[in-house]
Amino acid sequence: MLFAGGQGGLLSLFILYCGEVSLGYFMTAELIIVQVLNGIQYGLLLFLIASGLTLVLGVMGILNLAHGSMYMVGAYLMWYFVTVTGSFTVSAALSATIALSLGILIERVLIQRFYNRNHLDQVLVTIGMILVFNSLQSILFGNDPYGVPVPDALDGGIPLTNNSTYAVYRIFVAVICVGIAGLLYFVIGRTRLGMMIRAGKSNREMVEALGVNIKSLYTIVFAFGVMLAAIAGIIASPISSIVPGMGESVLITCFVVVVIGGMGSIKGAFIAALLVGLISTFFSILMPSMANMIIYIFMILVLLIKPQGLFAK
Amino acid sequence: MSKCVTYFAALALGFSLSFSSSIAFASSVIKIGVMQPLSGVYAGPGQSGLNGLLLALKEYETNAHQNEIDLIILDTEAKPARAPELATSLLEQHKVDFVVGPAHSGVAMGMIKVLREKDTVMIIPNAGAAAATGSLCSPNIFRTSFSSWQPSYPMGKVALEKGYRDVYLISWNYGMGRESLEAFEESFKAGGGNVVKKVLLPFPSTNFQPHISDIAAQDPDAVFVFFAGGGGAKFVKDYDASGLRGNIPLLGSGFLTEGNLEAQAEAAEGVITTLHYAEQLELQKNLEFREAFHNEYGHYPDIYAVQGYDAGQAINMTLNELNGDVSDKRAVIDVMEKLTIDSPRGAFTFSRGHNPIQNIYLREVIDGANVVTGLAAEALEDPARGCKL
């Protein structure tokens, strides 16, 4: 596993080196450190968004294309409640709770019926959900761009260079992402619930035969996947633009992270997200017009070497 | 013989009467096809432009009602791929007299492919692609908004006057973004300015953080950008959060702060932009328009509404001039070309490429609003490069 991560890391370092040398653009050590910070912070947020997708995919085998919509739901709910209540923490708690309930509702009403259907049907129903959520967003919240203010307690900057600072809020986002990553690691690796989740991943029938209520387990997992995406939308809302279509743009990068990391692997998603974050950040500066494309090229290269992703099960 | 003549005359008269009455019937209903984005990322400006148009047409019906107006509204979703099919349906199936749209320049290019050199008059209420009134200009294509060159060109001179010699440019890599940066470069470099770096991000990427760190490292005198909508709001917020707002002046094409100031809050204070409109313009027509729009829709209009409204005004004035008879398409074009539109932005006429000849205002964000601090350019005419009209 370490070897796989090392391969991915070496590959990306190689790409970065080629990029820098070929373009003759050398950055000062100071700038490199800042960009590494940017890349890690971006990568950590990507991980938070992708973790829910890969969790649901790994445990239940369902590819939830509406995952990006859940991210959008979190952001819009956050904006709405902040406008109404003025409190960041209250709004965050409310939005996360609503997202969790929404996840339970969707799983019970819709997703449950598709476990035994083929992949195409599952894809179609989740795409249908995307369309429904986009229309709901337009009807409920309108199409203007919205913003959520950074909470006062976190509204500052740490001096970085002689003319710029690093926003404290971005450090807060990174800390939350690491915290949730740790929480996921703990729950899945060290608790009874996590044990049941891992067992359900390996052999669903056996788990059922052993008396575990697999239906409730699936509901919990799906609802948590949705809530993770929504939490990402919630904490990212002060540093993102809340606009129609924000879910779809996040979804694509999410897929890339999940595919590179290995479908169903949370550790894989973590490493892949960091790599994608760093590569994307550095290449935006070195070759701006290719910044988007480089992620997909990286994914292709990884798949050529490890077809199941870096940490495939 | 006389009986023959009478009979023939009666036949001819009857024939011509029925013929002319069918013409009268056709032109008593004016068909206007609207192609605007009403869903997706561009839905805000799309709906706004449509609202402006509807307000103008409502004024027509109240003031000088002569014809019934039949509106066919199509949602382009700002997808260029759909444009030719939708435009063809308006042209061939609905046989509209006017087409108003679009907001997105990619969609405009698709529409122009179909509507160029045709009888139907096309009025663009937003899309700023230079080619529409430049290399692809056509007698039947008009624009009541701007060309991508217009808002950004005067900022080069403004930057030089403020003493900025080294400027960092950044925008999205698409028509409007590239053309805006090029327009700034044209006047800025002509006056001896130096472009430190020009960055074009893939559209519509909003991952600005690496570039903001790069700007801080390059330490230019000022930064000039083209971003709009939600992306523009995010750029300004990221710029502020990195502590650059007080240190490196941020200049932009006016769309940076249009329709999205609420999302930016304090982060936008001090941002300087150039645009052909500002909400606080103290012109009689602007005040009247803003009140009328607010009464109708419950919120105040933005630039997209003004441009849509002016498209409607152009149609109104043409209909009034021709007494509602739009059967002679050449006459429609002749009348429209010579119009002086009394716009909330200030009166304007059309250039030879059919683009507004208009003032460009210098604005600064003060207390959450775009305050007009001066005139960046007076009666600026887009050069209509490549236009053979």
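Residue-by-condition table, conditions (1) in contact with an Asp or Glu (Cβ under 8 Å, 6 or more places away or on another chain); (2) at pLDDT 95 or above; (3) assigned to a helix (DSSP H, G or I); (4) crowded, with 19+ Cβ neighbours inside 10 Å:
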| site | (1), (2), (3), (4) |
| --- | --- |
| B:255 | no, no, yes, yes |
| B:265 | no, no, yes, no |
| B:274 | no, yes, no, yes |
| B:281 | no, no, no, yes |
| B:288 | no, yes, yes, no |
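What is the residue count in segment A:134-159 for residues that are touching a residue at least 60 places away in the same chain (Cβ under 8 Å), at the interface with chain B (Cβ under 8 Å from one of its Cβ atoms) and either more than 28 Å from residue B:40 (Cβ to Cβ) or part of a loop (DSSP other than H, G, I, E, B) (or both)?
5
I'd like to know if segment A:17-37 contains one or more residues that are buried (at least 18 other Cβ atoms within 10 Å of the Cβ), at pLDDT below 95, in contact with a strand residue (DSSP E or B) (Cβ under 7 Å, 6 or more places away or on another chain) and not β-branched (Val, Ile, Thr).
Yes, segment A:17-37 contains at least one residue that is buried (at least 18 other Cβ atoms within 10 Å of the Cβ), at pLDDT below 95, in contact with a strand residue (DSSP E or B) (Cβ under 7 Å, 6 or more places away or on another chain) and not β-branched (Val, Ile, Thr).
Take the residues in segment B:130-164 that are under 27 Å from residue B:189 (Cβ atoms) and hydroxyl-bearing (Ser, Thr, Tyr), then tell me which one is surrounded by the fewest Cβ atoms within 10 Å (Cβ to Cβ).
B:135
Looking only at segment B:174-186, decide whether some residue is assigned to a strand (DSSP E or B) and either within 11 Å of chain A (Cβ to nearest Cβ) or of a type in the set (Phe, Trp, Tyr) (or both).
The answer is no; no qualifying residue exists.
Could we say that residue A:289 is more than 25 Å from residue A:60 (Cα to Cα), within 14 Å of chain B (Cβ to nearest Cβ) and crowded, with 20+ Cβ neighbours inside 10 Å here?
The answer is no for residue A:289.
Among the residues of segment A:294-308, what is the count of those that are surrounded by fewer than 18 Cβ atoms within 10 Å (Cβ to Cβ) and in contact with a helix residue (DSSP H, G or I) (Cβ under 9 Å, 6 or more places away or on another chain)?
Of the residues in segment A:294-308, 6 are surrounded by fewer than 18 Cβ atoms within 10 Å (Cβ to Cβ) and in contact with a helix residue (DSSP H, G or I) (Cβ under 9 Å, 6 or more places away or on another chain).
Which residue out of B:87, B:127 is crowded, with 24+ Cβ neighbours inside 10 Å, assigned to a helix (DSSP H, G or I) and hydrophobic (A, V, I, L, M, F, W, C)?
Just a single option satisfies the conditions, and that option is B:87.
Working carefully through the options B:251, B:244, find the one that is among the aliphatic types (A, V, I, L, M), in contact with a Phe, Trp or Tyr (Cβ under 8 Å, 6 or more places away or on another chain) and in the same structural domain as residue B:193 (by TED's automatic domain parsing).
B:251
Quick one: residue B:330 ticks every box in (1) part of a helix (DSSP H, G or I); (2) over 25 Å from residue B:70 (Cβ atoms); (3) of a type in the set (D, E, K, R) except a single one, so which number is it?
The single condition residue B:330 does not satisfy is (2).
Among the residues of segment B:237-251, what is the count of those that are touching a strand residue (DSSP E or B) at 6+ places or on another chain (Cβ under 7 Å) and either within 10 Å of chain A (Cβ to nearest Cβ) or without any contact (Cβ under 8 Å) to a residue 60 or more places away in the chain (or both)?
Residues in segment B:237-251 being touching a strand residue (DSSP E or B) at 6+ places or on another chain (Cβ under 7 Å) and either within 10 Å of chain A (Cβ to nearest Cβ) or without any contact (Cβ under 8 Å) to a residue 60 or more places away in the chain (or both): 6 in total.
For segment B:40-48, state whether one or more residues are of a type outside the set (S, T, N, Q), away from chain A (no Cβ under 14 Å) and not in a loop (DSSP other than H, G, I, E, B).
No.
The values are calculated or read from the model by the stated rules, or taken from the named source; none is laboratory data. Quick caveat, the model's predicted, so the values are computed rather than measured. Neighbour counts run over all protein chains shown; Cβ positions are idealised from the backbone, glycine included.
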